1. Report the charge-dipole magnitude of the stretch B:4-77 in Debye, nearest 20, computed about the Cα centre from +1 at each Lys and Arg Cβ and -1 at each Asp and Glu Cβ.
2. Mind checking the log10 I(q)/I(0) for the stretch A:12-129 at q = 0.21, 0.22, 0.23 Å⁻¹? Debye, one equal scatterer per Cα, no solvent, two decimals.
3. For the protein assembly as shown, what is the charge dipole size about the Cα centre, in debye to the nearest 20, if Lys and Arg each add +1 at the Cβ and Asp and Glu each add -1 at the Cβ?
4. Along the charge dipole of the stretch B:89-157, Cβ charges K/R +1 and D/E -1, which of B:VAL100, B:SER113, B:ASN155 sits furthest on the positive end?
5. Kindly provide the Kirkwood hydrodynamic radius of the stretch B:1-51 in Å, to one decimal, from all pairs of distinct alpha carbon atoms.
6. Just the number, please: carbon plus sulfur as a percent of the accessible area of chain A, 1.4 Å probe, no ligands or DNA/RNA counted.
7. Let me know the whole percent of all Cα-Cα pairs from the protein assembly as shown that are separated by more than 36 Å.
8. What lysines sit close enough to B:LYS12 to cross-link, taking a C-alpha to C-alpha distance under 19 Å and skipping anything fewer than 8 places away on the same chain?
Amino acid sequence: MIRFDYKRPDSIEECLALLDMYREKARLFAGGTDLMVEFRAEDKKLKDVELVLDISKLTELKIIKLDQGSISIGSGATFSQIIENPVLEKYAPFFIEACKTVGSPQIRNTGTVGGNIGTASPASDSVPPLVAMDSKLVLASSKGTRNILLSDFIEGAGRTLIQPDEVIKSIQFKKLKPEAGFSFVKLGRRKTLAIARMNVAVYVESDKDGVVTDVRIVPGSATPVSKRIFEAENMLLGKIPSYDLHEAIGKKVSEKMIGITGKRWSTPYKEPVIASLVKRALNEATGVKENE
Amino acid sequence: MNKIKLVMTVNKKNVETEIEPYARLLDVLRDKFGFTGVKEGCGIGECGACTIIMNGKKVNSCMVLAAQAQGADILTIEGVENSDGSMHPVQEAFLEKGAVQCGFCTPGMVISSYHLLNENQDPTDQEIKEAISGNLCRCTGYKQIINAVHMAADNMKK
Ligand code: FES
Ligand code: FES
């Protein structure tokens, strides 16, 4: 176990002041579900840590609210809290589906969405739907706040653009149309604790004639950073959803994935899997029958 | 490193001790207070052998710093028995239904089942599976555990 001092700030201001003072020597502790594993393993990236700042009790960071069409989730909201939230249930159901697959009930009681974003694991379950909703983050430091798109914030596996004096304060996105189609599919049967190896978040909005007016497709863990695959999305925009079209879009997504990661030992396995997950997610979101 | 004075309630008793700021709650419960029913299986949040109830929520005590338990209300397996010292219906049912083999997962399983039955007096198989999904058992195959939870639910209604 790495050794450190511990402080539990009573407010965000106090936390930011301490962070400003200690910078790289301080480590934020949200749910602890990743950090405790790293402390125990004496992960070398934590060797300079002198102080743990426990933000798990900061209620200001746990607020989930809907304000003029925009939803804001405090970074300290736990997955259990998110799953039970009626606003999210109505306006971002695929995000809830994704959060339900995180860890185990015990992990969901402590793990937080901000922590999940901060650790930037490519295997994160909660990130793809947030990227699909073009979420932005509010980052706070003692100097003020700044906003950044989630998909820009995560740079690579385990790397983000956070500064040493900054805290992720909240995640914000526009509420989606409850009547639109959503889907989050994860590889294999739902299995607790298997950290996401592959998943896809999909959102489809259509007009009264069934023509697609807005579409978001975000594969998770297929690439180091979850991004919307615009080329694939454009194939559906202005069209009527169909099985064949979804199949072609799935192939396009896996093609793009290989474009980003290059061919790897796992490619022959991942390529068809991602294509089929995308197809399934689109079918589910638009009510097109599987197995035609 | 400055030691921290920790005050909390464990199994309805107020306790107090000095801890290292980096100590895990799991170790403090076991080593300082002798609650060795709290087991360490994996130490990384995957097996649930260290499950306790903290402020009404079940958590893995290997994932919690002892310092976070300041003022907390904690229940370990040692606090599950009835006030007269007899076994809780969940414990009885586990024995009755053969839900205990090597027993290493049992404290965590019982805590998760107990927590479920406090919230849901009549759980379905699916709800039981969900409730124990963070608790791994290498021996029983889970069937006996699920049967035990049903039996406990029935007995608790009587
Ligand atoms: S020892 Fe805590 S989850 Fe395994
Ligand atoms: S009885 Fe042996 S692990 Fe469950």
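The values are calculated or read from the model by the stated rules, or taken from the named source; none is laboratory data. In this text, all values refer to a predicted model and were calculated from it rather than measured experimentally. Neighbour counts run over all protein chains shown; Cβ positions are idealised from the backbone, glycine included. These accessible areas exclude ligands, DNA and RNA; they are computed on the full protein's heavy atoms, side chains included. Shrake-Rupley method; radii C 1.70, N 1.55, O 1.52, S 1.80 Å.
1. 240 debye
2. Those come out to -1.21, -1.28, -1.35, one per q.
3. Here the size comes out at about 720 debye.
4. So the residue we want is B:VAL100.
5. For the stretch B:1-51, the Kirkwood estimate is 11.9 Å.
6. Roughly 50 percent, rounded to a whole number.
7. 33 percent
8. Excluding near neighbours in sequence, the set is B:LYS32, B:LYS57, B:LYS58.
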